[in-house]
Amino acid sequence: MPDQNLNCPLPLQYDQIVMAHGGGGRLMQQLLNDIIQPVFNNPILNQKHDSAVFTINNAQLAFTTDSYVVKPLFFSGGDIGKLAVCGTLNDLAMSGAKPLYLSCSLIIEEGFPITDLQRIVASMQEIAKQADVLIVTGDTKVVDHGSGDGVYINTAGIGLLSGSTHSAPANIQVGDSIIINSDIARHGMAIMLEREGMRFDNNISSDCADLSGLVQALIQAEITLHCMRDLTRGGLASGLIELASASGHHIEINETAVPIRPDVNSACEILGFDPLYIANEGCFALFVPEDKTEQALAVMHEHALGQQACLIGSVKSVHPKGIVTLQTAMGISRVLDLLSGEQLPRIC
């Protein structure tokens, strides 16, 4: 009998970066926890939230930055410019901050059409204007043809927190209700279908949107906001797993309560994707005390981006620690785990 190679084709450790390191899954967490976090270690970074929160002269500020490498650059429901501005506004909003100012840095590939660049920056300005924020600084670089996939965008943002609001994973408590504002998986599937040239009877558009107005409505209604997280790379499942790990709590969600559009669910089934792990760009999870659940839902239902808001689960206990379980439609409890990487790369 010839020798058989029983070595695992996926090595446990990597000496080079692979696409999965940027996908929001287990390999990305290892990259952050083993390589980046130990070098930059400090109390603000250790908050492990969508924005860094700190105080200067009695003003509590939130600061965030993100880079966008979506492919294709233009898609149903948005483009890389809209995505960049909405993504940064949403990261500020998840800390409870009102966004004030943004930066914009462009890395443009030689040969990129000027008309496309004009379309992208106009899209950025439109969203910024709607959010009443200013893009006040930035940078532009040009790279050789073939080195940049058209254009990459980095945006950073700064916002101001009110004294009564501090959303953070450390604030999650046993008994908290978990609410999401809309259906899931639309952004990732819109990108995938555009990329593959596939069409369904109903066009699936990205949910890309600025959530800061909805969050401010919750703050103005004086809803106690223990934690918020926008469900981008890795989707609902990965976002909740990260929060369970950071807070040390057991999170349980109900599969039948999670809203998924039928056309999105069908596309996921055809292509073999789990919608729980598909990226969103206009959907967030909110942790509130149980006795504030109905009040929070009422406020959200009054906003255009919260009309589908629903209760999907709760924080059960601290034992077992740091896990997320899914109560399936069959009545079975299943532990959700991080994927190695992203099912769909280059989606934000």
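Rule-based calculations on the coordinates, nothing more; no lab input. Owing to the predicted nature of the structure, the values given are computational and were not obtained by experimental measurement. Glycine also receives a Cβ, built like all others from the backbone with ideal geometry; neighbour counts cover every protein chain displayed.
Per the Debye calculation on the range 169-336 with a single equal scatterer at every Cα and no solvent contribution, log₁₀ I(q)/I(0) for q = 0.09, 0.12, 0.18 Å⁻¹ amounts to -0.29, -0.52, -1.12. Taking chymotrypsin sites (Phe, Trp or Tyr not before Pro) as exposed when their DSSP state is a loop state and no more than 14 other Cβ atoms lie within 10 Å, the longest site-free interval of the chain runs over 15-199. Between Asn203 and Arg346, the simple spin-label model (points 7 angstrom out along Cα→Cβ) gives 2.3 nm. 3J(HN,Hα) along the range 63-77, derived from phi through the Karplus expression 6.51 cos²θ - 1.76 cosθ + 1.60 where θ = phi - 60°, amounts to 9, 8, 8, 7, 10, 10, 9, 5, 9, x, 6, 10, 8, 4, x Hz, with x in place of Gly and Pro. Can you pull a Stokes-Einstein diffusion coefficient for the chain at 37 °C (0.692 mPa s), Rh from Kirkwood over Cα pairs, as a whole number of µm²/s? After rounding, the answer is 157 µm²/s. Distance between the C-alpha centres of the range 221-265 and the range 26-72: 19 Å, rounded to the whole angstrom.
Approximating the spin labels as points 7 Å out from Cα along Cα→Cβ, the Phe54-to-Gln327 distance works out to 4.3 nm. Along the range 259-270 the Karplus relation, 6.51 cos²θ - 1.76 cosθ + 1.60 evaluated at θ = phi - 60°, assigns HN-Hα couplings of x, 9, 5, x, 5, 5, 4, 5, 4, 4, 5, 5 Hz to successive residues, with x for each Gly and Pro. Couplings 3J(HN,Hα) for the range 223-232, derived from phi with the Karplus relation 6.51 cos²θ - 1.76 cosθ + 1.60 (θ = phi - 60°), are 6, 6, 10, 6, 7, 9, 8, 7, 9, 8 Hz, where x marks Gly and Pro. The residues Ser67, Ser123, when put in order of fewest to most other Cβ atoms within 10 Å, stand as Ser67, Ser123. Peptides 310-316, 81-87 ranked from most to least packed give 81-87, 310-316, packing being the mean of other C-beta atoms within 10 angstrom over each peptide's residues. For Lys321, the lysines whose Cα comes closer than 30 Å to its Cα, not counting residues fewer than 8 places off in the same chain, are Lys48, Lys292. Identify the residues of the range 72-111 with backbone N under 11 Å of a label point that sits 7 angstrom from the Cα of Leu117 along the Cα-to-Cβ direction, or state none. Inside the label zone: 106-111. When Ile17, Ile80, Ile260 are sorted by how many other C-beta atoms sit within 10 angstrom of their C-beta, beginning with the fewest, the order is Ile17, Ile260, Ile80. When the Gaussian network model of the chain links Cα atoms closer than 10 Å, the mean-square fluctuations of Gly306, Gly234, Gly148 top out at Gly148. Label zone (Val142, point 7 Å along Cα-to-C-beta; backbone nitrogen cut-off 18 Å) within the range 98-119: 105-119. Each of the GluC sites (Glu not before Pro) that DSSP puts in a loop and that has at most 15 other Cβ atoms within 10 Å breaks the chain; the longest unbroken stretch is 111-221. Summary value for the range 169-336: 42 percent relative contact order, contacts being C-alpha pairs under 8 angstrom separated by 6+ residues. In terms of its Cα atoms, the range 50-161 spans 48, 26, 20 Å along the principal axes, sorted from long to short.
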